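Once you've had a glance at the structure underneath, I'll fire off some questions.
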Amino acid sequence: MSRVDRTKLPKPGPSGLFRFPTIHRAVLPNGLQVRAISHRNVPVVCAVLMVPVGTAADPAERYGLAAFTADLLDEGSGGRSALEISDAIARFGADLDVDCGPDSTTLALTTLTRFMQPAVDLMAEMAIAPNLADADIERVRKLRLERSRQLRDHAPAVAERALMRVLYRDHPYGHLGLGHEAALEATTANELRAFHRGAFVPRGATLVIAGDASIDELTDVVAKAFGDWQTPSDAPDVDRDAGLKPPPLVPQQRLAVVARQGAAQSEVRIGHVCASRDTPDYHALVLLNMILGGQFVSRVNLNLRQDKGYTYGVRTGFDLRRGLGPFALQTSVQTEVTADAIREALREIEEIRGARPATADELALARASVTRGYPRGFETAQQVARSVAQLALHRLPDTYFEEFVPRVEAVTLREITRVASEYLDPARMVTLAVGDHERIAPALQSLNLGEPFVLGA
């Protein structure tokens, strides 16, 4: 019998072969794309409706319109009140989630298999025929306005909103889903109803259904629930490709400050407009991000947290969208070290581009972090359905998930350095600090980023 040396970690073996469930495609006569996946682990079914209209489609004077409309979908439909809809969902043992992102709005419903037909029927009713009643609109308006006012005092939310404004300016990606208070107050019920008629149409939308049933059973459920869905004759045009418009690549200011007098900490953001989700360098960017700031042992976290003690944590990320999405570093630091933390973060970004390129050990660790637990992301019907909805949104091939690990494992150190040099440009990056302007202003001048652009909270 061989003895095991328990003083040493075992060497990891090669990644196992990952097989994603087969995706079966169909198209209903009304143009709705259907993707069905049989997933028989547990007796549940998840349906995800992806409508390719998100916050980027908001009209210029109505920022927040898309998310406002999405918030109303579960506030009553088919003549039933919000309480009646909630009771029906509870009777089905179902869970419903509505989300509005930059490029799409999704409704996701998970239910027991034996209730899948009435539950998906209810989901279709909510998407196609919401009440959009005056009383519901006013109630949701008040909730959204109150949330907006609360977020004024939440430094991370202020920083996120300010960064998008500075990076994208008037581009459709330049605002968040909550919108602006003036637009929320001015939006009329008729504008909400018109936006719904234009956005929620079958052609261009995708319904993904996954769960404990045969493909025929799953597609029949969708056909019965959504087969009568038609585009209204008075549906207005909604710009589904608004996010694809070219954004500004060179910022007007390299340094911006949101003044919060007396703040004990500074909320810091550093970033620029970067890339779209369909970039051929996606897998290399995933690994680059893990090395730079995507995990606890990343360069910026080991520097700013472990070595300097400036912060409890710092991370980076590529928010890749249909159009050009942002790269951003985010952290919260003590007020007195704001400039020092920014200087160190910018140095790490600059050095990974070539002066101190990624090492073989860093690449191996990043690769293991990304691939070793990859199959865990597809254990449930909900995870599978949501993942396939992302394939539909970004027009990725059905083989994408099976090819992911091999493509990540094929990335070389040379590619990491190349994409760092091509996709990260400190000269174009905006540095934003939400904090006590009077206390941090003198030190910020030493960064040589120019005069700060001061924004209101």
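Out of E438, E422, E451, I need the residue that is within 26 Å of the chain's Cα centre (by Cα) and among the acidic types (D, E). Which one?
Values: E438 fails: within 26 Å of the chain's Cα centre (by Cα); E451 fails: within 26 Å of the chain's Cα centre (by Cα).
Going through E438, E422, E451 in turn, the sole match is E422.
Pairs under 6 Å by beta carbon, first residue within 24 Å of Q252 (Cβ to Cβ) in the stretch 162-191, partner of a type in the set (F, W, Y), six or more apart or different chains?
Here the result reads G174/Y168; H175/Y63; G179/Y63; H180/Y63; A183/Y63, each pair linking the stretch 162-191 to a residue that is of a type in the set (F, W, Y).
Being part of a loop (DSSP other than H, G, I, E, B), surrounded by fewer than 13 Cβ atoms within 10 Å (Cβ to Cβ) and not hydroxyl-bearing (S, T, Y) is the filter here; which residues of the stretch 10-41 pass it? Explain how you work it out, then say what you get.
The first filter runs over the stretch 10-41 and keeps only residues part of a loop (DSSP other than H, G, I, E, B), leaving 10-23, 28-32, 39-41.
Adding the requirement that they be surrounded by fewer than 13 Cβ atoms within 10 Å (Cβ to Cβ) leaves 10-14, 16-17, 19, 22, 29, 40-41.
Residues satisfying the conditions are P10, K11, P12, G13, P14, G16, L17, R19, P29, R40, N41.
Next question. Within the stretch 65-82, is there a residue that is touching a Ser or Thr at 6+ places or on another chain (Cβ under 6 Å), assigned to a strand (DSSP E or B) and open to solvent by 40 Å² or more (accessible area, probe 1.4 Å)?
Looking for residues that are touching a Ser or Thr at 6+ places or on another chain (Cβ under 6 Å), assigned to a strand (DSSP E or B) and open to solvent by 40 Å² or more (accessible area, probe 1.4 Å), one finds none in the stretch 65-82, hence no.
Check off (1) open to solvent by less than 40 Å² (accessible area, probe 1.4 Å); (2) farther than 15 Å from V221 by Cβ for R147 and give me the number that stays unchecked.
(1)
Filter the stretch 201-238 down to the residues that are among the basic types (K, R) and closer than 28 Å to N190 by Cβ and list them by number.
Listed by number, the list holds a single entry, R203.
If we keep just the residues of the stretch 420-453 that are in contact (Cβ under 8 Å) with a residue 60 or more places away in the chain and small (G, A, S), which is nearest to A259 (Cα to Cα)?
At the first step, the residues of the stretch 420-453 found to be in contact (Cβ under 8 Å) with a residue 60 or more places away in the chain are 420-426, 428-441, 443-444, 446-447, 449-453.
With the extra rule that they be small (G, A, S), the set shrinks to 420-421, 433, 435, 441, 443, 446, 450.
Working: A420: 32, S421: 33, A433: 8, G435: 6, A441: 10, A443: 15, S446: 19, G450: 17 Å.
The selected residue is G435.
Against the definition (part of a helix (DSSP H, G or I), of a type in the set (S, T, Y), surrounded by 17 or more Cβ atoms within 10 Å (Cβ to Cβ) and touching a Phe, Trp or Tyr at 6+ places or on another chain (Cβ under 8 Å)), how does S387 come out, yes or no? Let's see the steps before the verdict.
Numbers: part of a helix (DSSP H, G or I): yes; of a type in the set (S, T, Y): yes; surrounded by 17 or more Cβ atoms within 10 Å (Cβ to Cβ): yes; touching a Phe, Trp or Tyr at 6+ places or on another chain (Cβ under 8 Å): yes.
So S387 fits the description; yes.
Do we have T219 as of a type in the set (S, T, N, Q) and either under 27 Å from E267 (Cβ atoms) or in contact (Cβ under 8 Å) with a residue 24 or more places away in the chain (or both) here? Give the steps one after another, and end with the answer.
Working: of a type in the set (S, T, N, Q): yes; either under 27 Å from E267 (Cβ atoms) or in contact (Cβ under 8 Å) with a residue 24 or more places away in the chain (or both): yes.
Yes.
Could I ask something else about it? Among the numbered conditions (1) in contact (Cβ under 8 Å) with a residue 60 or more places away in the chain; (2) out of contact with any Pro (no Cβ under 9 Å at 6 or more places or on another chain); (3) open to solvent by less than 30 Å² (accessible area, probe 1.4 Å); (4) not in a loop (DSSP other than H, G, I, E, B), tell me where I416 comes up short.
(2)
Scan V430, V408 and give me the residue that is open to solvent by less than 70 Å² (accessible area, probe 1.4 Å) and either farther than 30 Å from M50 by Cα or of a type in the set (S, T, Y) (or both).
Details: V408 fails: either farther than 30 Å from M50 by Cα or of a type in the set (S, T, Y) (or both).
After applying the criteria, what remains is V430.
Mind counting the residues in the stretch 67-91 that are aliphatic (A, V, I, L, M) and without any contact (Cβ under 8 Å) to a residue 12 or more places away in the chain? Steps first, please.
Initial filter on the stretch 67-91 (aliphatic (A, V, I, L, M)): 67, 70, 72-73, 82-83, 85, 88-90.
With the extra rule that they be without any contact (Cβ under 8 Å) to a residue 12 or more places away in the chain, the set shrinks to 83, 90.
Residues that pass the stated criteria total 2.
Across the stretch 268-318, what is the number of residues that are open to solvent by 20 Å² or more (accessible area, probe 1.4 Å), outside any loop (DSSP other than H, G, I, E, B), closer than 25 Å to P247 by Cα and of a type in the set (K, R)?
1
Just checking, which of L255, L244 is open to solvent by less than 20 Å² (accessible area, probe 1.4 Å), in contact with a Gly (Cβ under 9 Å, 6 or more places away or on another chain) and over 30 Å from F115 (Cβ atoms)?
Numbers: L244 fails: open to solvent by less than 20 Å² (accessible area, probe 1.4 Å).
Criteria check complete, one pass: L255.
Residues checked against (1) over 14 Å from H196 (Cβ atoms); (2) under 25 Å from the mean Cα position of the chain (by Cα); (3) at pLDDT 95 or above:
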{"site": "P43", "(1), (2), (3)": "yes, no, yes"}
{"site": "C46", "(1), (2), (3)": "yes, yes, yes"}
{"site": "V51", "(1), (2), (3)": "no, yes, yes"}
{"site": "T55", "(1), (2), (3)": "yes, yes, yes"}
{"site": "A60", "(1), (2), (3)": "yes, yes, no"}
{"site": "L65", "(1), (2), (3)": "no, yes, yes"}
{"site": "D71", "(1), (2), (3)": "no, yes, yes"}
{"site": "G76", "(1), (2), (3)": "no, no, yes"}
{"site": "I85", "(1), (2), (3)": "yes, no, yes"}
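How many residues does the stretch 90-102 contain that are open to solvent by 20 Å² or more (accessible area, probe 1.4 Å) and within 26 Å of the chain's Cα centre (by Cα)? Show your work before the answer.
Initial filter on the stretch 90-102 (open to solvent by 20 Å² or more (accessible area, probe 1.4 Å)): 90-100, 102.
Of the ones still in play, those that are also within 26 Å of the chain's Cα centre (by Cα) are 94-100, 102.
Residues in the stretch 90-102 being open to solvent by 20 Å² or more (accessible area, probe 1.4 Å) and within 26 Å of the chain's Cα centre (by Cα): 8 in total.
Residue-wise test of (1) open to solvent by 20 Å² or more (accessible area, probe 1.4 Å); (2) modelled with pLDDT of 95 or more; (3) more than 25 Å from Q117 (Cβ to Cβ).
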{"site": "I137", "(1), (2), (3)": "no, yes, yes"}
{"site": "R141", "(1), (2), (3)": "yes, yes, yes"}
{"site": "A159", "(1), (2), (3)": "no, yes, yes"}
{"site": "R193", "(1), (2), (3)": "yes, yes, yes"}
{"site": "A199", "(1), (2), (3)": "no, yes, yes"}
{"site": "L207", "(1), (2), (3)": "no, yes, no"}
{"site": "G211", "(1), (2), (3)": "no, yes, no"}
{"site": "A223", "(1), (2), (3)": "yes, yes, no"}
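Does the stretch 179-191 hold any residues that are modelled with pLDDT of 95 or more and surrounded by 20 or more Cβ atoms within 10 Å (Cβ to Cβ), and which are they?
Of everything in the stretch 179-191, those that are modelled with pLDDT of 95 or more and surrounded by 20 or more Cβ atoms within 10 Å (Cβ to Cβ) turn out to be L184, T187.
Looking at T105, T111, T7, which is the one that is open to solvent by 20 Å² or more (accessible area, probe 1.4 Å) and of a type in the set (V, I, T)? Quick ask: steps written out before the conclusion?
Values: T105 fails: open to solvent by 20 Å² or more (accessible area, probe 1.4 Å); T111 fails: open to solvent by 20 Å² or more (accessible area, probe 1.4 Å).
Sole residue among the options that is open to solvent by 20 Å² or more (accessible area, probe 1.4 Å) and of a type in the set (V, I, T): T7.
What is the number of the single condition among (1) open to solvent by less than 30 Å² (accessible area, probe 1.4 Å); (2) within 20 Å of L324 (Cβ to Cβ); (3) among the β-branched types (V, I, T) that V250 does not meet?
All conditions pass for V250, except number (1).
On to the next question. Restricting to the stretch 354-371, give me the number of residues that are part of a helix (DSSP H, G or I), open to solvent by 60 Å² or more (accessible area, probe 1.4 Å) and of a type in the set (D, E, K, R).
Number of matching residues: 1.
The values are calculated or read from the model by the stated rules, or taken from the named source; none is laboratory data. As the structure is a prediction and not an experimental result, all values here were calculated from the model. Positions of Cβ are backbone-derived with ideal geometry, glycine not excepted, and every protein chain shown enters the neighbour counts. Surface accessibility is based on the protein's heavy atoms, side chains included, excluding ligands, DNA and RNA. Shrake-Rupley method; radii C 1.70, N 1.55, O 1.52, S 1.80 Å.
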